[in-house]
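Asks: Starting off with a structure, shown below.
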Amino acid sequence: MVPLKETSIGKRWLSFTFDGTNSPFDIPTTVCWLKGIERLYLCDTHTGPRSMEPLRDLVFDRWSEQAIVVINSHSDWDHVWGNSTFAQSLIVAHEKTYEHMADEGRWSYALEAWGNAQNGKIERQLPTLTFRKQIAFPQDRLILFHTPGHTVDSSSLWDEAEGILFVGDNLERPLPYLQSHDFAAYSKTLQFYLELKPKTIVTSHSGIVDEELVKETIDYIEKVAEAFSKGRLLTLDHSDEAALALHQSNLQSLVISRVEERAKEKWGEEFSTKRFIEFIEENESDVLESLEGMLLAALC
């Protein structure tokens with residue numbers, strides 16, 4: 001699979017953007033390579049070995065063959081399915097990324113739901129080194145931070161030497177996908193980005209963005225959180241149809257997460273990701289306003 005676009009960033013970064021996958025998201029996806037002193041760093045591994053193997057060979061031809069450190073920004077399928085291409089390399093991720101990838105229910109559901117986006121045979125390759133708050137590569141002046149936001153396990157790579165920040169899916173146009181609903185943590189992450197004062201912010205699906213998007217995202221999640229704390233779902237006044245569709249998806253995710261909390265309380269040790277996904281699929285409704293009530297009623 002040939003990347004749609006190659007971009008040089010700073011003195012030692014190369015980003016490769018692939019066209020939209022066959023999933024309903026149908027959006028470009030970017031992976032980044034960084035040339036260190038003795039290592040090559042790879043941020044995310046796209047959707048399988050068929051896209052990552054030729055990219056690895058291209059980078060080796062460009063920069064010479066070196067040890068590779070793979071960084072998984074989070075556990076979503078379009079960021080980790082190519083991990084097996086680098087099975088002999090160090091693969092670094094947050095401890096929750098490991099936990100999510102090791103969860104059989106999550107892994108099987110992603111393969112079933114997005115299987116048409118596979119690029120080659122997908123083999124689960126878990127991270128080989130995990131961290132809780134941050135991990136540094138001082139020789140290359142890199143720090144990988146835990147930055148919960150889009151997901152609870154999201155991480156961001158900070159290149160202190162060049163002022164470049166890779167944020168994965170924590171920033172996205174027109175709106176982020178809210179898979180995690182710890183809005184206080186998300187807001188703290190975004191404020192941290194502003195405090196770093198990066199020269200360049202690189203995302204997984206929206207190319208290079210600026211601090212203005214950081215501020216817009218803070219505003220959006222705070223409004224969603226405020227409305228939900230008052231028992232309401234935020235009505236978004238937006239002319240962009242894509243933004244409205246994303247917002248609707250975020251609200252549905254928010255409602256389902258509330259139901260998941262109740263399911264964990266009710267089912268106790270019998271709770272599993274697989275059982276909950278099956279429950280949602282059996283009871284899902286297209287009408288967002290009735291979804292929470294219907295699902296909660298089914299749990300009682």
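The values are calculated or read from the model by the stated rules, or taken from the named source; none is laboratory data. In this text, all values refer to a predicted model and were calculated from it rather than measured experimentally. All Cβ positions, even for glycine, are placed from backbone atoms using ideal geometry, and neighbour counts span all protein chains on display. When the accessible area is computed, the model is the full protein with side chains, heavy atoms only, and any ligands, DNA or RNA have been set aside. Shrake-Rupley method; radii C 1.70, N 1.55, O 1.52, S 1.80 Å.
Asks: Would you check which residues across region 48-87 are more than 13 Å from the chain's Cα centre (by Cα) and open to solvent by less than 10 Å² (accessible area, probe 1.4 Å) and list them?
Replies: Answer for region 48-87, where residues must be more than 13 Å from the chain's Cα centre (by Cα) and open to solvent by less than 10 Å² (accessible area, probe 1.4 Å): GLY48, SER51, MET52, LEU55, VAL59, VAL69, VAL70, GLY82, ASN83, PHE86.
Asks: Within region 11-47, work out how many residues are surrounded by fewer than 19 Cβ atoms within 10 Å (Cβ to Cβ) and among the aliphatic types (A, V, I, L, M).
Replies: Qualifying residue count for the region: 2.
Asks: Taking region 188-213 on its own, how many of its residues are in a helix (DSSP H, G or I) and under 16 Å from the mean Cα position of the chain (by Cα)?
Replies: Looking only at that region, the number is 2.
Asks: Among the residues of region 232-252, what is the count of those that are modelled with pLDDT of 85 or more, open to solvent by less than 80 Å² (accessible area, probe 1.4 Å) and under 18 Å from ARG173 (Cα atoms)?
Replies: Final tally of qualifying residues: 11.
Asks: Take SER8 and tell me if it is open to solvent by 20 Å² or more (accessible area, probe 1.4 Å), outside any helix (DSSP H, G or I), closer than 17 Å to TRP114 by Cα and among the hydroxyl-bearing types (Ser, Thr, Tyr).
Replies: no
Asks: With respect to GLY120, determine if the residue is surrounded by fewer than 19 Cβ atoms within 10 Å (Cβ to Cβ), more than 22 Å from VAL152 (Cα to Cα), in contact with a helix residue (DSSP H, G or I) (Cβ under 9 Å, 6 or more places away or on another chain) and not aliphatic (A, V, I, L, M).
Replies: Against the criterion (surrounded by fewer than 19 Cβ atoms within 10 Å (Cβ to Cβ), more than 22 Å from VAL152 (Cα to Cα), in contact with a helix residue (DSSP H, G or I) (Cβ under 9 Å, 6 or more places away or on another chain) and not aliphatic (A, V, I, L, M)), GLY120 qualifies.
Asks: Look at region 88-105 and say how many of its residues are within 18 Å of the chain's Cα centre (by Cα) and crowded, with 18+ Cβ neighbours inside 10 Å.
Replies: Looking only at that region, the number is 9.
Asks: Suppose we filter LEU190, LEU171 for residues that are surrounded by 14 or more Cβ atoms within 10 Å (Cβ to Cβ), among the aliphatic types (A, V, I, L, M) and in contact with a strand residue (DSSP E or B) (Cβ under 7 Å, 6 or more places away or on another chain); which single one remains?
Replies: LEU171
Asks: Another question about this same structure. Restricting to region 205-231, and then to whatever is free of Cβ contacts under 8 Å to residues at least 12 places away in the same chain and within 26 Å of VAL31 (Cβ to Cβ), can you tell me which residue is surrounded by the most Cβ atoms within 10 Å (Cβ to Cβ)?
Replies: Once the filter is applied, the top-ranked residue is GLU216.
Asks: Checking GLU65 against (1) touching a residue at least 60 places away in the same chain (Cβ under 8 Å); (2) assigned to a loop (DSSP other than H, G, I, E, B); (3) not β-branched (Val, Ile, Thr), which single condition isn't satisfied?
Replies: (1)
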